[in-house]
Each structure stands twice: as structure tokens, then as C-alpha cells.
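Report on one structure; see the data block that follows.
The values are calculated or read from the model by the stated rules, or taken from the named source; none is laboratory data. Treat the numbers as computed from the prediction; the structure is a model and nothing was measured. Glycine gets a Cβ as well: all are built from the backbone with ideal geometry, and neighbour counts include every protein chain shown. Surface areas here come from the heavy atoms of the whole protein model, side chains and all, with no ligands, DNA or RNA. Shrake-Rupley method; radii C 1.70, N 1.55, O 1.52, S 1.80 Å.
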Amino acid sequence: MTNLTLSPTLARRLAITRQRLAGPPPPATPAGILDVLKDIRCLQLDPIRAVERTQYLVLWSRLGHYNPDHLHTLLWDTRQLFEYWAHAASIVLTEDYPIHHWYMRHFHNGGGWPRARAWLAENRSFERYILERLHQAGPLGSAQLEDRAETMWESGGWTAGRHVGRMLDILWERGDIVVAGRQGIQRQWALAKDFLPEWTPREELSDREVVRRATQAALRALGVGTARHINAHFTRDRYPNLNEVLAELVTEGQIIPVQIDGWSGDWLLHAADLPLLEQLGDDGWQPRTTLLSPFDNLICDRDRTELMWDFYFRIEIYVPAAKRQYGYYVLPILHGDRLIGRIDPKMERKTGTLHVNAVYAETDAPAEAGPAVAAAVANLAQFLDAKRIELTEKIPPMWRDSFTQVG
């Protein structure tokens, strides 16, 4: 055990570097994407495409311009990635299957959502039909499967009456089926035993070993964090006896307690990141400027984001337009080790226009960041294959001249 104290700047730099948002970008290849996933561990899925779907934006922030088909290759061809539930519906590593299989087993053994378990028990013949149909003819979309529910799924929300979709979601969460392809946002389903590669690790880990592995993966992705931050990351809320496991890992020297000047709480650092920490002083720090998806792993824990970066961020998708403070799908601006503002963009695909509805700067944002912020917007337009950028008048005066070069 060591008595290590970090400055907030060094803590932020470590978090950003471990998220692959500093230093030389990885190669824009399938291998580069896989390399990023091995560090960040999960890539959240979301269907909203106001700019681009988040799974593609998160990779763009780290790789720069790349071909999204490389991600599809890893999902549907080499199958080194698959879709499952992490801190949300996500793309995860096939090599992490034993960690995720713990939750699948938990569902089989009486865990999971009680309402879903009860409905499944009432619809066993429907369940058998889905599994047999996928065995015979999969991969299939939900529209190719009949609704043979024996009891209604009672819901006042969007799942009401969607029995096929509800059954598929339950069987996916239980690990019996996987997403084997997509047509747009429509999922194609297959039996997991037919789709996952033969080399998929299948060992059944104990609860303790699952938490040990997931804890270390989460902490390395975070750079530094508290027990609460770990519990909210990667396999969110699936860390039974986390404090006991953390104490065990500290005793073994795998995890190191640290203090951060001015920040309360019991902070932790993975021992494997000590050499990296030594490189992140002024001489070794290699900052970048980029834009972040609102679902980016760096900022998905809103309270942690506010604590570490003094940056209040909430998604306003479901806020009425007249009450939004910043916009529908806002991208924070990462500049070096600081979050210095946000932009409100909209990609109009019919005309190939990236509309920049507003640019906001934090009160302490540096004026000299203007060219780098404008370049990040131009790089986003290139990635989106936009033919032009339409700028708003809502640009901070100190950055306006920089933006005239990209309009």
C-alpha cells in the first residue's frame, strides 16, 4: 500500500488517457477499434441519429475519421464483439463473455426483473417457439416471428402489446440469443450457441471472481475512481460485495488507495497504471481537442463528471424544446484535460448539411482554444460526410473568427 496524492489535473489526465482521448490516436482499423474496446470495455448503443448514433461517435472521438464498417466486421464477421447489457445496452468484448455470463446465469437462477420472470413462466410454449424457429431459420428479425403469447404483457409504455419484442429482449438478457446483425436499427436474432465463435471463453466464474475481474476492468477504464464510480461503470450495479473485493485487491497490491487534493472520498488507482501516471506530467502529456457523444464513457456518470471537471451536463432530449438550456443532442467539447464548452449540432442528411445551432463556452474557457474547437467541428463534418457546415450566430465572440474558416 502506498500513500499517494494526486493533483486534480493529474487525475483528470489519467482518466482521459485511459479513455483513449489523449495521446496518439489508434489506427483507424478493426484492430484499432478492438484496441480501444479493450481499454474502455463497453460501447453504449443508442438509436438516436440527430448527429450520428453514439456507438459511432464514441469511436470517432478516439480514432478520428474511420470506416464504421470496421466495427460491423468485429461484430458480425470475426465476432470479437457482441451486444449485451453493460452500464446500458452496449457493445462488449467476446473475451469478456464469462463476466457477462454471470448475469445470464443470475437470470436463469431466479434473478433479473421479477415481472419479466413471471411473464416468461406464463409463456413457456411461446418461448419454445421462438428458440426453435431461430434454431431452424435464424438469424431472423422480430417481424419474421409470430406473436404466440399466451398472456398479455401489461404495460402502459412502449412495450405494450409488443410480445415478440418483449420475449426477444428477455431471452437476450438471459443469454439464450444474441444480436447477429442489424438492418438499420432493426436487430437480427440468432441462438447464442450458434452465433458466438468456438473460441468464446465459457468458464463459469464464481461471483467473487466475476467481481474481481469487472472491478479491475472498470477501474482501469476510469483511471481513478471511488467504489461508487466503479459500481456505476461497465457492469453497472452488478458488483456484489464490492467493498470486500476492493479490500482484497488492495491487500494484494492490485489496487492502490490514493488521495486527490481538494476531493473528498476514498479514491483508487490500478497498480498497472502507475507507469502511465508518471508519464502524464507536462512533458509526457499529449492532449487532443474533440467532441464527445452525450453518452460517451468519459461522462456517462454525470455526478462524477461534475466532480472531476466542474462540468454540469444533462441530456435534454426529453425536455420540451422551449425549456432546453442548450439543445436536443449536445456534444461537450474536450480540450486537453478540460471540458470547456458544448455544441448543439444537427446533421441534415437529405442536403448533406451539418447545422451548428449553437456553440457554448464555459466561463473559464480559453480564447486560444478557438482554432482547435473549430477544427474538431470540421473533422466531425468530414466523418459525417457533410457537404457543408451551416453556422449559427450563437458562437462565443472569442472563437468566432476561428469558425469563419469552417463555415
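So the values come out like this:
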item	result
Residue match in region 52-62 (condition: under 28 Å from the mean Cα position of the chain (by Cα) and surrounded by fewer than 17 Cβ atoms within 10 Å (Cβ to Cβ))	no
Residue satisfying all of: in region 340-394; of a type in the set (Asp, Glu) and surrounded by fewer than 18 Cβ atoms within 10 Å (Cβ to Cβ); modelled with the lowest pLDDT among these	Glu393
Region 311-339 - residue that is in contact (Cβ under 8 Å) with a residue 12 or more places away in the chain and not in a loop (DSSP other than H, G, I, E, B) and, of those, surrounded by the most Cβ atoms within 10 Å (Cβ to Cβ)	Leu334
Any hit, region 272-281, residues being in a loop (DSSP other than H, G, I, E, B), surrounded by fewer than 20 Cβ atoms within 10 Å (Cβ to Cβ) and at pLDDT below 95	yes
Odd one out for Asp296 among (1) in contact with a Phe, Trp or Tyr (Cβ under 8 Å, 6 or more places away or on another chain); (2) among the acidic types (Asp, Glu); (3) in a loop (DSSP other than H, G, I, E, B)	(1)
Cβ-Cβ under 9 Å pairs, at least 6 apart or on other chains, region 216-233 side basic (Lys, Arg), far side assigned to a loop (DSSP other than H, G, I, E, B)	Arg220/Arg41; Arg228/Asp301
Any hit, region 182-192, residues being aromatic (Phe, Trp, Tyr) and surrounded by 19 or more Cβ atoms within 10 Å (Cβ to Cβ)	yes
Residues of region 86-97 satisfying the condition of being surrounded by fewer than 18 Cβ atoms within 10 Å (Cβ to Cβ) and touching a helix residue (DSSP H, G or I) at 6+ places or on another chain (Cβ under 7 Å)	none
Some residue of region 185-206 being in a helix (DSSP H, G or I), touching a helix residue (DSSP H, G or I) at 6+ places or on another chain (Cβ under 6 Å), touching a residue at least 24 places away in the same chain (Cβ under 8 Å) and more than 30 Å from Gln144 (Cβ to Cβ)	no
Residues being assigned to a loop (DSSP other than H, G, I, E, B) and touching a residue at least 24 places away in the same chain (Cβ under 8 Å) - total across region 60-71	4
Residues of region 293-310 that turn out to be open to solvent by 40 Å² or more (accessible area, probe 1.4 Å) and either within 16 Å of Ile343 (Cβ to Cβ) or not hydrophobic (A, V, I, L, M, F, W, C) (or both), as a count	4
Verdict on Ala118 being at pLDDT below 95, more than 29 Å from the chain's Cα centre (by Cα) and of a type in the set (A, V, I, L, M, F, W, C)	yes
Subset of region 353-386 (residues that are part of a loop (DSSP other than H, G, I, E, B), touching a strand residue (DSSP E or B) at 6+ places or on another chain (Cβ under 7 Å) and within 25 Å of Tyr66 (Cα to Cα))	Leu384, Ala386
Which listed residue, of Arg213, Arg133, is surrounded by 15 or more Cβ atoms within 10 Å (Cβ to Cβ) and under 19 Å from the mean Cα position of the chain (by Cα)	Arg213
In region 1-40, residue most open to solvent (accessible area, probe 1.4 Å) [restricted to those that are in contact with a strand residue (DSSP E or B) (Cβ under 7 Å, 6 or more places away or on another chain) and part of a loop (DSSP other than H, G, I, E, B)]	Met1
Close pairs from region 48-59: first touching a residue at least 12 places away in the same chain (Cβ under 8 Å), partner open to solvent by less than 20 Å² (accessible area, probe 1.4 Å) and of a type in the set (S, T, N, Q), Cβ under 7 Å, at least 6 apart	Thr54/Ser293; Leu57/Ser293; Val58/Ser293; Val58/Asn297
Given (1) modelled with pLDDT under 95; (2) within 26 Å of the chain's Cα centre (by Cα); (3) crowded, with 19+ Cβ neighbours inside 10 Å; (4) not aromatic (Phe, Trp, Tyr), index of the condition Thr159 fails	(3)
Which numbered condition Leu205 misses (of (1) within 19 Å of Asp296 (Cβ to Cβ); (2) surrounded by fewer than 19 Cβ atoms within 10 Å (Cβ to Cβ))	(1)
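Yes or no, residue by residue, for (1) modelled with pLDDT of 95 or more; (2) over 19 Å from Glu83 (Cα atoms); (3) touching a Cys at 6+ places or on another chain (Cβ under 7 Å):
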{"position": "Arg182", "(1), (2), (3)": "no, no, no"}
{"position": "Ile185", "(1), (2), (3)": "no, no, no"}
{"position": "Ala190", "(1), (2), (3)": "yes, no, no"}
{"position": "Glu198", "(1), (2), (3)": "yes, no, no"}
{"position": "Arg212", "(1), (2), (3)": "yes, yes, no"}
{"position": "Arg220", "(1), (2), (3)": "yes, yes, no"}
{"position": "Thr226", "(1), (2), (3)": "yes, yes, no"}
{"position": "His229", "(1), (2), (3)": "yes, yes, no"}
